[in-house]
1. Mind giving me the FRET efficiency for residue 51 and residue 10? R0 is 41 Å, r the Cβ-Cβ distance, nearest 0.05 is fine.
2. Please go through segment 74-135 and write out the chymotrypsin sites (Phe, Trp or Tyr not before Pro) that DSSP classes as loop and that have at most 11 other C-beta atoms within 10 Å.
3. On full extension of the chain, what length is gained from residue 80 through residue 44, given 0.36 nm per residue of separation minus the C-alpha to C-alpha distance?
4. Determine, for each peptide in 67-76, 99-108, the mean count of other beta carbons within 10 angstrom over its residues, then list the peptides with the highest first.
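Every read-out reported here was derived from the displayed coordinates using simple, explicitly stated rules and does not represent laboratory data. Since the model is a prediction, treat every value here as computed from it, not as a measurement. Every residue, glycine as well, gets a Cβ built from its backbone with ideal geometry; the counts of neighbours run over all protein chains shown.
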Amino acid sequence: EPVSSVLQGYRKHTKCIAHTKPASAWAAWLTDRLQIAGSIVVYDDVAKTLKEDRHHILRAHIKSIQGPYVKGDVIHIYDEDGEEIARGLTNFTSEETMALAKNLDMPPPQLLGYSTGGTIVSRENLVVLNDRHLLWEGPDKDALLEVGN
């Protein structure tokens with residue numbers, strides 16, 4: 001009688017409480033990817049507003065990049081202190097992201113040679129993390145490529 005003995009309190013057990021609002025399947029997939037493709041570090045003011053309200057990650061928001069990654073990869077988004085704040089699908093490769101972030105004065109279509117708005121991660125493809133995700137170590141400081149605007 002393993003189940004009834006637990007229900008009646010006769011047997012030691014672990015109680016797992018479900019979150020009242022479970023994450024969508026899309027958010028769960030984005031947050032619990034088992035393979036890191038690359039990452040970006042955003043400026044602290046962007047990180048702060050991102051924690052309060054999910055919004056697009058634009059090229060002007062990026063401080064540094066760690067890759068390589070390709071369009072459609074899940075990238076990890078960190079603040080300047082190395083705390084992971086979000087994960088999202090990137091609209092560009094790491095090379096394109098670097099070119100966009102380093103050349104803020106040039107329009108994205110002129111810079112890349114095709115029509116694009118230059119949004120690195122769209123808010124629809126972004127999940128701001130809370131305590132319901134698998135933890136990763138921060139980006140390797142030696143592997144970060146500074147944008148240096």
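1. The value I calculate is 0.40.
2. 114
3. This chain segment gains 12.4 nm when fully extended.
4. 67-76, 99-108
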